[in-house]
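Enquirer: One structure follows; several queries about it will come next.
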Amino acid sequence: MAQPLMPHATASWLVDNTALSFEQIADFCGLHILEVQAIADDTAATKLTGRDPVRAHELTMEQIEKGQRDPDYRLQMTKGPEQVRRTKGPRYTPVSKRQDKPDGIAWIIRNHPEITDGTISTLIGTTRTTIAAIRERSHWNIANIVPKDPVTLGLTTQRELDAAVSKAAKASGVEQAPTDHRLEGDREALIEQLRAERLQAARDAESAGDEASNDGGFEDPFRR
């Protein structure tokens, strides 16, 4: 069941402005009845500022009036609270990683010049002005910028970077080098060969140790 955006503040408003039962308020707000009791008794940790669910279009006065007449009536949300969705544009980057952005931008510019500034801006979470300054080597800290893989720096994911590279290559008509799988079988065979040689060497060493042990424990009665 959907709940108000601010359940405790909504409960506070309903307690102060309606004759609904604590049970009805608790049910509507998704709270325990004792929490509503605490709000009513002002024993909550802090005095809450009430939030009007009618003005928020989460409840109607008709429902409140019906609930006040019938204690068994259960209030229903008119609509759920608006969900916050990430909008397009530069992503948020933690402060601890922001100093690494120029290095990541420089790496992309050097290794994938086909990627547009707009795509770099979205991947790294920076501005086109910063990207242009690094591309033109007019950035104020250009002397200390060292190209580093943005994935390793934690500025983006490998999947997002690969998708951006693929999209940019397709848009610019640049063919990506196909992955060479021809040596995979030889590599596996070489690994198996080395494993077998290692196993055989261990067996030979064990056998040699057993022979030496047997020779040392046998005494020739005719030898003087």
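Enquirer: Which residue is least open to solvent (accessible area, probe 1.4 Å), if the candidates are limited to the stretch 135-171 and must be over 14 Å from Pro102 (Cβ atoms) and part of a loop (DSSP other than H, G, I, E, B)?
Expert: Step one: list which residues in the stretch 135-171 are over 14 Å from Pro102 (Cβ atoms), which gives 151-152, 154, 156-171.
Narrowing further to those that are part of a loop (DSSP other than H, G, I, E, B): 151-152, 154, 156-157.
Numbers: Val151: 39, Thr152: 115, Gly154: 43, Thr156: 12, Thr157: 66 Å².
Looking at the filtered set, the residue picked out is Thr156.
Enquirer: Report the residue count in the stretch 123-134 for those that are of a type outside the set (A, V, I, L, M, F, W, C) and either in contact with a strand residue (DSSP E or B) (Cβ under 9 Å, 6 or more places away or on another chain) or surrounded by 16 or more Cβ atoms within 10 Å (Cβ to Cβ) (or both).
Expert: Looking only at that region, the number is 3.
Enquirer: Considering only the stretch 97-129, state which residues are closer than 19 Å to Glu160 by Cβ, hydroxyl-bearing (Ser, Thr, Tyr) and either over 24 Å from the mean Cα position of the chain (by Cα) or in a helix (DSSP H, G or I) (or both).
Expert: Thr116, Thr119, Ser121, Thr122
The values are calculated or read from the model by the stated rules, or taken from the named source; none is laboratory data. If you're wondering where the values come from, they're calculated on a predicted model, not measured in any experiment. Cβ atoms come from the backbone with ideal geometry, glycine included; neighbour counts cover every protein chain shown. Surface accessibility is based on the protein's heavy atoms, side chains included, excluding ligands, DNA and RNA. Shrake-Rupley method; radii C 1.70, N 1.55, O 1.52, S 1.80 Å.
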